[in-house]
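J.: Before anything else, here's the structure in question.
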Amino acid sequence: MYRAMGLAFERSATPITRKGAMTLVDSVRIDLSLDDGEMRVFLDGHDVTGEIRAPSITRAASLVSQIPEVREKLVSEQRRVATALSEEGNSVVVEGRDIGTVVFPDAGTKFFMDASPETRAERRLLELRDQGQAIELSDVLEDIRQRDRQDQEREHSPLRRADDAILIDTTLLSPDEQLDIMRDAILQRVRKESRRDTKDDR
C-alpha cells in the first residue's frame, strides 16, 4: 500500500513532502483483492501490482512512509481491509514494516523476517528481471540499504522488531523452510490456547 501511494505521488508529480501529502492523500484510493490466491493492488481502480515493484517506487515508498499524514491514512486502511477479510471468516496474514508494532500490536502471532542485505538484493533482482527490468545488483543492494536506513531512523513508526515477535533469519532458508517455522509456531500457540481454554472450562 505504501508502494501504491508512492506511485500516486510519482504519477501526479506531487512533491513527497507533508505539504504535498495534504493535497494528494485524501484523493487516492488503494484497494487490495485476492485473485487465485495472489494479492493484487489497485490504485484508483487500476491494477498496479507489477508497477509498484519498480526501483523508483521502492525509493518513493520509503520517502512517503515518513510522512505522518500518509501513515495515518494507510494504517487506517490496513485495519479496514484486514477487519473486512476477518469478518468474512478468513484468517488474515498481514505483512509490512510496522505491522507488529503499530498497525496490529495485539496480533496473535508475530514474525520479524530478516536476511542479509546481499541475499535480499539477489532475491529482488530475480523478481525485477522476471518483470523484464534491466537493473544491476549493486543498484538493488544500495536501494535496500538506503531504505533500511530511512525506515529505521524515521521519527514515526520506525522499523523495528516487536518485543514479542519471533525472529526468523531467512538468509539460508528456502521458502518452504520459512513456512515450516511459522506453521510450527502458530500451531504451538493454538495448542497452548486450547489447553488453557480446557483448564478454564474445568
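J.: Through the Karplus equation 6.51 cos²θ - 1.76 cosθ + 1.60, θ set to phi - 60°, convert the phi angles of segment 101-109 into ³J(HN,Hα) values in whole Hz; use x for Gly and Pro.
T.: 9, 10, 6, 10, x, 9, 4, x, 9
J.: Along segment 127-138, what does the Karplus equation 6.51 cos²θ - 1.76 cosθ + 1.60 (θ = phi - 60°) give for ³J(HN,Hα), rounded to whole Hz, x for Gly and Pro?
T.: 4, 5, 5, 5, 8, x, 8, 8, 8, 9, 4, 4
J.: Accessible area per residue, 1.4 Å probe, Å², for segment 65-141: what's the number?
T.: On the way: 4460 Å² over 77 residues.
For segment 65-141, the solvent-accessible area averages 58 Å² per residue.
J.: How large is ³J(HN,Hα), in whole Hz, for each residue of segment 83-98 in order, when computed from phi with the Karplus curve 6.51 cos²θ - 1.76 cosθ + 1.60 and θ = phi - 60°, using x for Gly and Pro?
T.: Using θ = phi - 60°, the values come out as 5, 4, 5, 5, 5, 7, x, 8, 7, 10, 10, 10, 10, x, 7, 9 Hz.
J.: Using only the Cα atoms of the chain, build the gyration tensor, take square roots of its eigenvalues as a ≥ b ≥ c, and label the shape rounded, prolate or oblate: rounded if a/c is under 1.5, else prolate if a/b is larger than b/c, else oblate.
T.: prolate
J.: Length gain on complete extension for the stretch Asp200 to Glu87, per 0.36 nm per residue less the alpha carbon to alpha carbon distance? Write out the running numbers ahead of the final one.
T.: Numbers: separation 113, 0.36 × 113 = 40.68 nm, distance 2.65 nm.
Additional length available on full extension: 38.0 nm.
J.: Once you have a ≥ b ≥ c as the square roots of the Cα gyration tensor eigenvalues for segment 42-90, tell me rounded if a/c is under 1.5, and otherwise prolate or oblate according to whether a/b is larger than b/c. Each step should come with its number before you reach the end.
T.: Numbers: a/c = 2.70, a/b = 1.43, b/c = 1.88.
Cα axes put segment 42-90 in the oblate bin.
J.: Would you calculate the convex hull of the Cα atoms in segment 87-202 and tell me its volume per residue in Å³? Can you show the working numbers first?
T.: Values: hull volume 17.7 nm³, N = 116.
In segment 87-202, the Cα convex hull volume per residue is 152 Å³.
J.: If you average the C-alpha positions of segment 114-152 and of segment 42-70 separately, how far apart do those two centres end up, in angstrom?
T.: First find each Cα centre; the distance between them is then 16 Å.
J.: 222 nm [θ] for the chain, helices only, -39500 (n - 2.57) per DSSP H run of 4+, per residue, to 500?
T.: The helix contribution divided over the chain gives -17000 deg cm²/dmol.
J.: Of all DSSP beta bridges in the chain, what percent run antiparallel (nearest 5)?
T.: Taking every DSSP beta bridge with both residues in the chain, the antiparallel ones total about 65 percent.
J.: A follow-up question, please. What is the percent carbon and sulfur in the accessible area of the chain, measuring with a 1.4 Å probe over the protein chains and ignoring ligands?
T.: 48 percent
J.: How big is the C-alpha Rg of segment 51-129 next to the rule-of-thumb value 2.2 N^0.38 Å, as a ratio?
T.: 1.28
J.: Collect residues whose amide H, placed 1.01 Å from N in the peptide plane, falls under 5 Å from the amide H of Ile166; neighbours closer than 5 in sequence don't count.
T.: Result for Ile166 returns Lys110, Phe111, Phe112.
J.: Compare the peptides 128-134, 73-79, 95-101 by average per-residue count of other Cβ atoms within 10 angstrom and give them in order, highest first.
T.: Ranking the peptides 128-134, 73-79, 95-101 by packing returns 95-101, 73-79, 128-134.
The values are calculated or read from the model by the stated rules, or taken from the named source; none is laboratory data. Computed from a predicted model, the values in this text were never measured in an experiment. Neighbour counts are summed over all protein chains in view; Cβ atoms, including those assigned to glycine, are modelled from backbone coordinates with ideal geometry. Note: areas computed on protein heavy atoms with side chains; ligands, DNA, RNA excluded. Shrake-Rupley method; radii C 1.70, N 1.55, O 1.52, S 1.80 Å.
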